[in-house]
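The values are calculated or read from the model by the stated rules, or taken from the named source; none is laboratory data. Quantities reported herein were computed from a predicted structural model and do not represent experimental measurements. All Cβ positions, glycine included, derive from the backbone under ideal geometry; neighbour counts span all protein chains shown.
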Amino acid sequence: MAADAQGLPVTASTESAAALDRAISDYFGWKGDPVAGLQSAVDNDPGFGLGSSAIASLFLLGGFRGDHPRVTTALGAADRASAGATSREVLHLAAAKALAAGEISNAIHIWESILVDHPTDALALRFAHDGYFCLGQSLSIRDSIARVLPEWDPQGENYGYILGQYAFGLEEAGELRRAEEVAHAAIARNDGDGWAIHAIAHVLEAESRQTEGIAFLKAARPAWRQAHALAIHNGWHLALYLIEEERFDEVLADYDQHVAPKLAGDFLLDLVDASALLWRLELAGANVGDRWRPLANQWLTHVDDHVLVFNDLHIALAVSRAGNQLGIERLRRSLDHYVREGLGDNRNITADVGRRLIDGVLAFAEGAYARAVELILPVRYNAVRIGGSHAQRDLITQTLIAAAERAGQLNLTRALLAERFAVRPTNRTRQHYVRAGGTAVAHAFR
């Protein structure tokens, strides 16, 4: 029996185990094409069941529905190879099946059970990380890595990537100093570690270190662009800093050069970043022109997927600002049907929280600002359940502030701006607070 780079047995040929190692390195590094490498190995080695179940999980975590033909094909291949599989490989298949059924929490539980007995299982570790991210479970992102980190060889090829994961978990858990330190340690091992660079970008944004963030990401651009699957997202972080400094022309130029040409590639994270970026630009007062229309058209190919309500929220941003009334109605009808007939974790999150947020941004786009406040305000602290990062979900708070102000609810506007200035004390927020009637010395104790 072959073994992977961590010494774990793999029911496969030596060549398939090597393909697994390459796929894991590419997956952690946001580079290459992990699925293509695994599929080539499976085609040559049908007994490589772990490769097939990994393909299914990669597709599902990437936004495919459980009934997508490529998912069902991969699960079928894994099933056929399961007779000779190890108990660890059987659990990987069970996790992929749970994920396909919409049971994200159950899939995570299975991956974590693998890690108890096999703490260096790289696939289980990264799949759990992504699953926690889908559910917004920040402390679990951190702690899942902390539980296994001592078992990893610091001299191993992927140890730096594990540090990068840990750095992001630390940041999301609010441990910003440790996050920055660990991320730099990861980058010292591999300057092309886009996820570790991304962790530092989060720290700098959380601490309102915009000028430093711009310098850091611009200097590191050649490195983080090596992580091609994360390149648009790291560019999105750069845009956050630039928007805060009202350098809108630079943001739009980057959007036209780097983001717009990739929309047709249909990578969901790119579509999410495009929606969030254009929405934030408009909230800040920029004119984005006709950029919404092609984005909305691309998003509408996923209007019935409902894999994550986080994605559905970004569909709502695009179709509403594109003025696509048919698209808006199609999204609403599809969500109604999904809440009535759907199953799984995301359906429950959609019903409990997500639908109010989606209806809130749709109301905002329609100019029904009081209605937007009414929908968003009561659930804003539950928005963590839709997944994503603190930085991504900040769009909800920004939208709520703008809705309150445009609805003439100035007391609420001032209160929300005072709250925001306490945690993001930028000059732009201070000026906004003063314009809303707040005291010029806002939070002087800082």
Hey, Ala23 touching a Pro at 6+ places or on another chain (Cβ under 7 Å), at pLDDT 95 or above, within 26 Å of Gly194 (Cα to Cα) and among the small types (Gly, Ala, Ser) or not
yes
If we ask which residues in the stretch 69-87 are farther than 18 Å from Leu38 by Cα and not hydroxyl-bearing (Ser, Thr, Tyr), their number turns out to be 2
Taking the conditions exactly as written (in contact with a helix residue (DSSP H, G or I) (Cβ under 9 Å, 6 or more places away or on another chain) and more than 21 Å from Leu278 (Cα to Cα)), does Arg340 satisfy them or not?
no
Note on the stretch 245-254: residues farther than 18 Å from Ala227 by Cα and part of a helix (DSSP H, G or I) are Phe248, Asp249, Glu250, Val251, Leu252, Ala253
Heads up, the helices (runs of 4 or more DSSP H) in the stretch 134-200 (entirely inside) with at least 2 residues that are in contact with a Gly (Cβ under 7 Å, 6 or more places away or on another chain) and without any contact (Cβ under 8 Å) to a residue 60 or more places away in the chain are 138-148, 176-189
> Quick one: is Gly131 assigned to a helix (DSSP H, G or I) and surrounded by fewer than 21 Cβ atoms within 10 Å (Cβ to Cβ)?
Replying inline: no
If we keep only residues of the stretch 244-261 that are more than 20 Å from the chain's Cα centre (by Cα) and among the aliphatic types (A, V, I, L, M), then the residue surrounded by the fewest Cβ atoms within 10 Å (Cβ to Cβ) is Ala253
Inset, instruction - Take Gln398 and decide whether it is under 18 Å from Thr350 (Cα atoms) and in contact (Cβ under 8 Å) with a residue 24 or more places away in the chain. - result: no
Per the filter on the stretch 366-379, residues surrounded by fewer than 21 Cβ atoms within 10 Å (Cβ to Cβ) and in contact with a helix residue (DSSP H, G or I) (Cβ under 6 Å, 6 or more places away or on another chain) are Tyr369, Arg371, Val379
(1) within 26 Å of Asp270 (Cβ to Cβ); (2) crowded, with 20+ Cβ neighbours inside 10 Å; (3) hydrophobic (A, V, I, L, M, F, W, C) all hold for Leu326 apart from (2)
Of Ala219, Ala239, the only residue that is in a helix (DSSP H, G or I), at pLDDT 95 or above and surrounded by fewer than 16 Cβ atoms within 10 Å (Cβ to Cβ) is Ala219
*asked:* Against the definition (surrounded by fewer than 21 Cβ atoms within 10 Å (Cβ to Cβ), within 19 Å of the chain's Cα centre (by Cα) and not assigned by TED's automatic domain parsing to the domain that holds Ala100), how does Thr397 come out, yes or no?
replied: yes
(request) Determine whether Gly174 is over 25 Å from Val116 (Cα atoms), surrounded by fewer than 19 Cβ atoms within 10 Å (Cβ to Cβ) and within 18 Å of the chain's Cα centre (by Cα). (result) yes
* Determine whether Gly62 is modelled with pLDDT under 95 and either among the aliphatic types (A, V, I, L, M) or within 28 Å of Trp152 (Cα to Cα) (or both). => no
Residues of the stretch 10-48 being over 25 Å from Ala229 (Cβ atoms) and in contact with a Lys or Arg (Cβ under 8 Å, 6 or more places away or on another chain), in sequence order, are Pro46
